[in-house]
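*Asks:* If you scroll down you'll find the structure; I have some questions about it.
The values are calculated or read from the model by the stated rules, or taken from the named source; none is laboratory data. Every value quoted in this text rests on a predicted model; they were computed, and no experiment measured them. A quick note on method: Cβ atoms are made from the backbone with ideal geometry, for glycine too, and the neighbour counts reach across all protein chains shown.
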Amino acid sequence: MMTVSIVNVTSYTGSELLRLLAQHPHFEVISVTGRSTVGKRLDEVFPFLRAGVPTLEGRHPTIDPRLVITEEPAQTDLSFVCLPHAAAAEAVVKLLQKGTKVVDLSADFRLRDVATYEEWYKHTHPAPALLETAVYGLCEMYREQIPHTSLVANPGCHTTTAILGLSPAFAAGIVNPDVIIDSKTGISGGGRNPGPSYHFPEADEDVSAYGLSGHRHMPEIAQELVVAAQQGDHPLATELRITFVPHLMPMTRGILATCYADLKQDENGDLPTTAEVRALYENYYANEPFVHVVDQAPHTKWTYGSNHCFIYPIVDQRAKRLIIVSCLDNLVKGASGQAIQNANLLYGLPEITGLSSLGVHP
Ligand SMILES: NC(=O)C1=CN([C@@H]2O[C@H](COP(=O)(O)OP(=O)(O)OC[C@H]3O[C@@H](n4cnc5c(N)ncnc54)[C@H](OP(=O)(O)O)[C@@H]3O)[C@@H](O)[C@H]2O)C=CC1
Ligand SMILES: CC(=O)N[C@@H](CCC(=O)OP(=O)(O)O)C(=O)O
């Protein structure tokens with residue numbers, strides 16, 4: 001058993017970690033922190049925990065619903081940090097000083113270039129020296145490096161969806177470095193603190209685009225597509241252009257990104273067929289437990305509550321474009337499930353440990 005703390009358990013990603021870790025055989029949650037909820041028991045703040053956390057005979061329970069929320073985390077082997085950016089970095093520094101391994105769910109250590117971080121996040125980075133040691137926690141790309149770090153920068157939700165969808169095409173060098181990503185998100189992506197646009201009467205039966213003047217996930221997507229192209233031995237010859245537009249949808253969970261990229265023609269002016277591109281994608285993800293290349297446009301509902309991502313590539317021969325539809329649950333593969341996948345790698349456990357749920361249907 002490894003001991004675990006969840007810093008800012010009262011966030012959506014924190015409560016999702018509780019739900020998922022209740023099924024985990026090796027991580028025991030012994031410490032949870034909050035801000036306005038300090039002194040309360042977990043099951044007071046999250047009444048769904050009043051059901052208790054039943055376990056099979058002989059199996060140690062990994063969460064005690066009566067655990068009291070504290071201001072600071074206790075000493076543990078591992079910590080999941082679920083704070084907003086900037087506050088997260090400060091907590092991470094203290095945890096690393098105590099020898100705790102950290103999976104940080106915020107954006108603080110995802111961008112490798114401090115100037116890019118400060119441009120997009122509009123504040124001075126609280127711990128720039130750690131950017132060198134942090135490993136970007138997209139397991140499908142960095143599973144060799146993750147076990148050797150103490151700080152995993154868990155990727156963003158829109159970002160994971162888009163990178164998983166586009167990286168096989170960039171690695172194979174079949175598209176030009178000019179992409180449009182139309183990404184739709186459920187409202188839990190905005191977190192637990194209500195704002196006017198997330199309020200039920202305004203968000204229900206409504207769809208809206210946001211971040212049109214530039215969203216902070218764009219540089220994160222760009223950073224990793226450049227790496228995917230390099231890993232596939234097709235480094236980009238020109239600067240990558242990305243138009244990324246997120247949309248708020250009247251659903252609780254889910255991200256669906258439709259990505260459009262110009263296909264390169266071969267020396268005869270021909271484009272790859274859909275069958276060829278699908279074979280390339282299937283090969284790229286052949287050994288991935290959580291990424292599935294499918295033969296029809298996927299639905300976010302397929303992923304609800306699970307750590308799975310579904311990807312559908314199709315060639316638009318008329319427009320000479322590759323269209324890729326990619327979807328996942330923002331709170332699972334887009335956040336807490338991916339965080340557990342990373343933690344499994346940190347401790348040499350099979351990546352799927354504790355993450356075997358299928359999506360909820362219907
Ligand atoms: N939601 C999502 O789908 C995803 C979120 N993330 C990232 O994960 C992290 C957590 O996000 P999420 O779960 O949405 O968080 P939430 O917005 O749900 O967190 C809300 C909680 O955070 C507490 N809080 C807010 N600011 C602070 C602060 N400065 N210090 C301490 N506590 C604070 C509030 O406590 P109080 O009650 O005291 O006000 C409240 O309980 C963020 O960095 C986010 O960007 C990443 C991927 C997906
Ligand atoms: C609906 C909504 O507002 N979603 C957030 C993304 C969720 C999130 O917090 O992701 P990161 O940690 O990767 O920034 C947004 O678009 O900014």
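*Asks:* Considering segment 186-203 alone, what residues qualify as being more than 10 Å from ligand 2 (Cβ to nearest atom), under 18 Å from HIS158 (Cα atoms) and in a helix (DSSP H, G or I)?
*Replies:* First, pick out the residues of segment 186-203 that are more than 10 Å from ligand 2 (Cβ to nearest atom): 192-194, 196, 199-202.
Those left that are additionally under 18 Å from HIS158 (Cα atoms): 192.
Within segment 186-203, none qualify.
*Asks:* Take PRO65 and tell me if it is over 25 Å from LYS98 (Cα atoms), in contact (Cβ under 8 Å) with a residue 24 or more places away in the chain and outside any strand (DSSP E or B). Please lay out each step first, then the result.
*Replies:* Working: over 25 Å from LYS98 (Cα atoms): yes; in contact (Cβ under 8 Å) with a residue 24 or more places away in the chain: yes; outside any strand (DSSP E or B): yes.
Answer is yes for this residue.
*Asks:* Could you say whether any residue in segment 54-61 is crowded, with 20+ Cβ neighbours inside 10 Å and assigned to a loop (DSSP other than H, G, I, E, B)? Give the steps one after another, and end with the answer.
*Replies:* To start, the set of residues in segment 54-61 that are crowded, with 20+ Cβ neighbours inside 10 Å comprises none.
No, because not a single residue in segment 54-61 is crowded, with 20+ Cβ neighbours inside 10 Å and assigned to a loop (DSSP other than H, G, I, E, B).
*Asks:* Right, another one. If the Cβ limit is 7 Å and pairs must be 6+ apart or interchain, which residue in segment 197-213 that is under 11 Å from PHE244 (Cα atoms) and among the aliphatic types (A, V, I, L, M) pairs with which residue that is within 16 Å of ligand 1 (Cβ to nearest atom) and modelled with pLDDT of 95 or more?
*Replies:* ALA209/HIS247
*Asks:* Look through segment 206-260, keep the residues that are of a type in the set (Asp, Glu) and either within 11 Å of ligand 2 (Cβ to nearest atom) or assigned to a loop (DSSP other than H, G, I, E, B) (or both), and return whichever of them is nearest to LYS320 (Cα to Cα).
*Replies:* Quick first cut of segment 206-260, residues of a type in the set (Asp, Glu) only: 206, 220, 224, 233, 239.
Restricting the remaining residues to those that are either within 11 Å of ligand 2 (Cβ to nearest atom) or assigned to a loop (DSSP other than H, G, I, E, B) (or both) gives 206, 220, 233, 239.
Details: ASP206: 32, GLU220: 26, ASP233: 23, GLU239: 20 Å.
Checking each candidate, the answer is GLU239.
Conditions tested, residue by residue: (1) in the same structural domain as ILE255 (by TED's automatic domain parsing); (2) crowded, with 17+ Cβ neighbours inside 10 Å; (3) touching a Leu at 6+ places or on another chain (Cβ under 6 Å).
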| site | (1), (2), (3) |
| --- | --- |
| PHE170 | yes, yes, yes |
| VAL179 | yes, yes, no |
| SER183 | yes, yes, no |
| GLY195 | yes, no, no |
| PHE200 | yes, no, no |
| ALA203 | yes, yes, no |
| ASP206 | yes, no, no |
| LEU212 | yes, no, no |
| GLN223 | yes, yes, no |
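*Asks:* Counting only residues that are within 16 Å of ligand 2 (Cβ to nearest atom) and either in contact (Cβ under 8 Å) with a residue 60 or more places away in the chain or assigned to a helix (DSSP H, G or I) (or both), how many does segment 100-130 have?
*Replies:* The total comes to 12.
*Asks:* Among the candidates PRO25, PRO61, which residue alone is in contact with a Gly (Cβ under 9 Å, 6 or more places away or on another chain) and either farther than 24 Å from TYR304 by Cβ or within 16 Å of ligand 2 (Cβ to nearest atom) (or both)?
*Replies:* Working: PRO25 fails: either farther than 24 Å from TYR304 by Cβ or within 16 Å of ligand 2 (Cβ to nearest atom) (or both).
Just a single option satisfies the conditions, and that option is PRO61.
*Asks:* Go through the residues of segment 10-25 one by one and say whether even a single one is among the polar types (S, T, N, Q), outside any helix (DSSP H, G or I) and within 8 Å of ligand 1 (Cβ to nearest atom).
*Replies:* Of segment 10-25, the ones among the polar types (S, T, N, Q) are 10-11, 13, 15, 23.
Within this subset, residues satisfying the condition of being outside any helix (DSSP H, G or I) are 10-11, 23.
Filter once more, keeping what is within 8 Å of ligand 1 (Cβ to nearest atom): 10-11.
Yes, segment 10-25 has at least one match.
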